[in-house]
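To keep things clear, I will list the structure first and then write my remarks on it.
The values are calculated or read from the model by the stated rules, or taken from the named source; none is laboratory data. The structure displayed is predicted, hence computed values, not measured ones. Cβ: placed from backbone, ideal geometry, glycine included. Neighbour counts: every protein chain shown. Side chains included, ligands, DNA and RNA excluded: accessible areas come from the protein's heavy atoms. Shrake-Rupley method; radii C 1.70, N 1.55, O 1.52, S 1.80 Å.
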Amino acid sequence: MRSTRRGQGGITVQDVAREAGVSAMTVSRVVNGGTNVRESTRVAVLETIDKLQYKPNAAARTLAAGDATQIGLLYSNPSAAYLSQFLIGALAGARRAGCHLVLEPCEGDSAEEQAEATRIFASTQVQGVILPPPLSESAAVRAELEAAGIPAVAVAMGRPSPGSLSVRIDDFDGAVAVTQHLLDLGHTDIAFIRGHPNQVASAERYRGFTWAIERAGLDPAAMQVEQGFFTFRSGMTAAESILARERRPTAIFASNDDMAAAAVGVAHRLGLQVPRDLSIVGFDDTALATNVWPELTTVRQPIARMAEMAVTMLLNRLRTRGGVAGDDTLEHILPHELILRESTAPPPPRR
């Protein structure tokens, strides 16, 4: 479900940039009398401004100028593969919008440590903040930003707060899709490795798994479940526990690719062939999914696209606050995709 809120009507910097075929930064330079613009480009932008009857005001100039808009990205993610794709998307979005992206790690796991890191970050010149998981779920982080009056976009947050900006996929549906794939192959004994317990996305993926299992007429309580934390190491520990059973499952659904890749490694160490002896699926479709053998069947979460959209949403919120019209959509739910690769096959016959 999406809700939309717009500011006062009018032509934006992005409208001019799109019509003229240039970046928002170039439009800003022309509007502000910058010299680092080719004369032919300047003429084209000015003609577009006249054609669209664009009337920049002081707020618009401030927010359109790349040297005046600083967006912060506060991160603390256990998956290097996820974070890498996220940074690529955020940097691309910032470059296209002509704004500065300021990166800041949040090292602590406790609410107090996260609050302190956010408080320090909020005291800098950042005008808005992007929060990838798991910080997008942190009440302490959001409270500090709200107290400082700094807008934020939560990415991959399971249940967005009312009125907050967020971009995500439907984790429940994604989990249903990949579980159904295993069921369609004939698997009836599927183990599950949960994600970090402090993230709603973890609960949604597990809920999708159990829903698909129940729909197939199977008992979710009969499926082995191990706790993971979205890290490679936690995936190894969980997979070792699962595969130590006298009656091993024929498939493992790990809640992200890091843990799925770890499960593949454990299976190889035990002499099991994937997928002949054991099918393994992941979630996210990070670069790691294609850097292991066999390559992982997984759910593609458009991580880079989500980060790019977060930049756009944050700039729109800043322009709305500054009196400049923008598309201030509160929530975007992007489509996911089931990616079939070599890590899944029908189950082996039981001896």
- prompt: Mind checking whether some residue in region 91-110 is in a loop (DSSP other than H, G, I, E, B), within 18 Å of ASN256 (Cβ to Cβ) and in contact (Cβ under 8 Å) with a residue 60 or more places away in the chain?
  reply: no
- prompt: If you take the residues of region 256-298 that are outside any loop (DSSP other than H, G, I, E, B), open to solvent by 10 Å² or more (accessible area, probe 1.4 Å) and not acidic (Asp, Glu), which of them is farthest from LEU243 (Cα to Cα)?
  reply: ALA287
message: Of the residues ALA244, ALA238, only one is more than 30 Å from ARG95 (Cβ to Cβ) and either in contact with a helix residue (DSSP H, G or I) (Cβ under 7 Å, 6 or more places away or on another chain) or open to solvent by less than 10 Å² (accessible area, probe 1.4 Å) (or both); which?
response: ALA238
- prompt: Given the residues GLU137, GLU144, GLU113, which is the only one that is among the acidic types (Asp, Glu) and over 16 Å from PRO78 (Cβ atoms)?
  reply: GLU144
message: Yes or no: region 103-112 includes at least one residue that is more than 25 Å from PHE230 (Cβ to Cβ) and of a type in the set (Ser, Thr, Tyr).
response: no
- prompt: within 30 Å of the chain's Cα centre (by Cα), closer than 19 Å to ASN316 by Cβ, buried (at least 19 other Cβ atoms within 10 Å of the Cβ) and at pLDDT below 70, is that true of ALA24?
  reply: no
- request: Scan ALA244, ALA251 and give me the residue that is free of Cβ contacts under 8 Å to residues at least 24 places away in the same chain and closer than 25 Å to TRP293 by Cβ.
  value: ALA244
field: Failed item in (1) closer than 23 Å to ALA139 by Cβ; (2) open to solvent by less than 70 Å² (accessible area, probe 1.4 Å), with GLN85 passing the rest
entry: (1)
- request: Can you give me the number of residues within region 195-226 that are open to solvent by 70 Å² or more (accessible area, probe 1.4 Å) and under 20 Å from TYR82 (Cβ atoms)?
  value: 2
